[in-house]
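Quick note: the coordinates plus some simple rules give every number you see, no bench work behind them. Predicted, not measured: the structure shown is a model, and the values here were computed from it. Cβ: placed from backbone, ideal geometry, glycine included. Neighbour counts: every protein chain shown.
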Amino acid sequence: MNVPHLLYLIYGNRHAIKRACVIFAILIAGFIFFIYLVIVTVFTVVQGTGSVTSDDIIEQPGTFTEFQGFSYKTAFGERWYEFNHPYIFPTLGVLTQGVILDQGAVVGTRHVAWDIADRVPRQTEVKAFADGTVVAVKDNILYNTTRRWRLCDTSPNGICWYVVAEPGDVQYGCGYEVNILHADSLRSQYCHLTSINVHTDQQVTLGRTIGYQASTGWATGKHLHFVLWRDGQPIPPTYAFTQTSLQNWGDDEN
Ligand SMILES: [Zn+2]
């Protein structure tokens, strides 16, 4: 086969070659987009899944007024902080995700909060941590926008997966949210609520129901994401409550 003959063959099949090139380009672009999605996708810890055992059902909320002093870290070091007011653990459930302080890691792994999931398909009240004033009621629904996707299994206790295109999108993940300002500028934040029973500037007393556990926003199942704040710093709930307390919560012996 000489060169002119080859050129003639190519010329004769130019439309087929063009089509093949277009299909190849589309496949390559699709593959690159797929890899991009995998890279930018952030999957959170699965909550609200698995079988529910009787051990997971905690019927009575306890009151933990014994942990009133705790320290927290600021940019200037550790600060001792006394919250000399009664407070309670704000909802029923088990701890499904604790505090994760991985500064350099990918989006979604820094989690200065406690996730408490009542893994029973029922309405689970979320209550005010202490006396205070509602300072913010927000609706940060992460939902089917161009850069945020929420893919949910609609069965009871089904999970949701989240895909974000930019780290900044994570801020929408709180869902229906309530913030309460307590004494000494301590603020409590409650995320992923299904409905909210309070409004901004409302005075609430300790234990007042402010909403119900749900999975609005960045959540993979029904739970409460609970955070304490002071001086713009998140205070790990670990300083206010102990894991032991959570485990004993609802136990009549304690
Ligand atoms: Zn959380």
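Scalar couplings 3J(HN,Hα) for segment 116-122, obtained by applying the Karplus form with A = 6.51, B = -1.76, C = 1.60 to θ = phi - 60°, are 10, 10, 8, 7, 10, x, 7 Hz; x denotes Gly and Pro.
Please compute the length gained on full extension between Asn84 and Ile26, using 0.36 nm multiplied by the number of residues separating them and subtracting their Cα-Cα distance.
Working: separation 58, 0.36 × 58 = 20.88 nm, distance 6.39 nm.
Extending this stretch completely gives an extra 14.5 nm.
Multiplying the residue separation of Leu95 and Asp231 by 0.36 nm and subtracting their alpha-carbon distance yields 46.4 nm. Shown is the FRET efficiency for His15 and Leu37, computed with R0 = 25 Å from the Cβ-Cβ distance and rounded to the nearest 0.05: 0.15.
With r as the distance between the Cβ atoms of Asp139 and Thr238 and R0 = 22 Å, compute the FRET efficiency 1/(1 + (r/R0)^6) and round to 0.05. Could the numbers behind the result be given before it?
On the way: r = 29 Å, r/R0 = 1.31.
My answer for the efficiency is 0.15.
Remark: Leu228, Leu92, Leu9 ranked as Leu9, Leu92, Leu228, counting other beta-carbon atoms within 10 Å and listing the fewest first. Going from the residue with the fewest nearby Cβ atoms within 10 Å to the one with the most, Arg79, Arg187, Arg208, Arg122 rank Arg122, Arg79, Arg208, Arg187.
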